[in-house]
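The values are calculated or read from the model by the stated rules, or taken from the named source; none is laboratory data. Values in this document were obtained by computation on a predicted structure and should not be read as measured data. When we count neighbours, we look across all protein chains shown, and the Cβ atoms used for this are built from the backbone with ideal geometry, even at glycine.
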Amino acid sequence: MLLFVPGESRGLGGAIAAAAGAEPAPLEERRFERGEFKLRPLVSVRDRDVVVIQTLSAGADAPIADRFVRLLFLLMGLRDAGARRCSACVPYLAFARKDRRTQTRDPVHTRYVAELLEAAGLHRLLALDVHNPAALDNAFRVPVDHLSALPMFADHFARQLAGAPLAVVSPDVGGIKRAQLFREQLAARSRAEVTLAFVEKRRAAGIVTSGVLAGDVAGRSVIVIDDLCASGGTLVRAARACRAAGAEAVFAAATHAPLSEGLDVLAAEPALTGSVITDSVGEDFTARVAVAGSRLQVLSVAPLLGAALSRMRERRPLAPLLLQWPPAD
């Protein structure tokens, strides 16, 4: 298996490759006037399995659309160069929140992304904590491996909050299934009873209202779990609702943080004891962690995705990675 990492994903992609026991294959990258570019593998890929590691979060060097087009063109170039199978490892999959029609003539971006990637020659997708896993499965016609950072969060909080009464809260009704899975993993990891609750949330004309908490959090250390922290507003509203209901401490946990300004909102919120995210968007959060101190912690997804790529290479199942971290086998 050959791993290719475009320059804009080199930091996280290089760490994932190292965790998989490999080095990124050499790649010629040239940029031309008006945003055009060229990506060319510098080693033979004929009859080889290849993987492109590309996170689709906006950065100072490349917006989301540019990163997505570069992923498409690199997959097509590898296919044309004779690669046997082309896979993509996408720690943060952009456009995944618009997965269904909620208004007349609404687009369905998840399906469009799937069609474009499949047209580019994609044989397999490895993604992490997309907004709606069922919609992702329905959109693609090639195999999709949907990994989650929940086992990593469960391991982290089971150690950090050992001995404390715990509760898991979904910040909206749509995330109840995610919260339930996390509650089960946290309970198994901590060997303690963990209660489950959720916060009512309504969105109309772009305005979000919420505040009604359903569930018991009084006297407990609460983890508000979500797949994504953008502006931070949803997590903050949930944290305040938990405090009002008597929570002893409230932590926010989110896999993706595509807008780092949202982290500043979390760090400044007095209702939150602390926040935990991952580095799935490929951004260096060192400066923000230095400012926030213990109120912000960043877990690396490189070991998880590297382990998944190693299992793919060895034709081993990825299922153990979904159950606990580190995996049992």
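Some points to look at:
- The lone exception for T234 - which of (1) in contact with a helix residue (DSSP H, G or I) (Cβ under 8 Å, 6 or more places away or on another chain); (2) surrounded by 18 or more Cβ atoms within 10 Å (Cβ to Cβ); (3) not aliphatic (A, V, I, L, M) it fails: (1)
- Filter result for the condition that a residue is among the hydrophobic types (A, V, I, L, M, F, W, C), under 23 Å from V144 (Cβ atoms), in a loop (DSSP other than H, G, I, E, B) and under 19 Å from the mean Cα position of the chain (by Cα), over A65, A88, A94, A58: A94
- Any hit, the range 197-220, residues being under 30 Å from P303 (Cα atoms), out of contact with any Gly (no Cβ under 6 Å at 6 or more places or on another chain) and buried (at least 18 other Cβ atoms within 10 Å of the Cβ): no
- Residue check for A257: within 19 Å of the chain's Cα centre (by Cα), within 18 Å of D172 (Cβ to Cβ) and without any contact (Cβ under 8 Å) to a residue 40 or more places away in the chain: yes
- Within the range 9-23, if we keep just the residues that are buried (at least 20 other Cβ atoms within 10 Å of the Cβ) and out of contact with any Ser or Thr (no Cβ under 8 Å at 6 or more places or on another chain), the residue that is nearest to A127 (Cα to Cα) turns out to be I16.
- Of the criteria (1) part of a strand (DSSP E or B); (2) within 15 Å of the chain's Cα centre (by Cα), which one A230 fails: (1)
- Any chance R288 is on the phi > 0 side of the Ramachandran plot and either of a type in the set (D, E, K, R) or assigned by TED's automatic domain parsing to the domain that holds A94 (or both): no
- Of residues in the range 74-83 being without any contact (Cβ under 8 Å) to a residue 40 or more places away in the chain and part of a helix (DSSP H, G or I), the one nearest to G35 (Cα to Cα): G77
- Flag for V144 being closer than 23 Å to Q324 by Cβ, of a type in the set (V, I, T) and free of Cβ contacts under 8 Å to residues at least 24 places away in the same chain: yes
- Residues of the range 93-104 that are touching a helix residue (DSSP H, G or I) at 6+ places or on another chain (Cβ under 9 Å) and either crowded, with 23+ Cβ neighbours inside 10 Å or among the hydroxyl-bearing types (S, T, Y) (or both): L93, A96.
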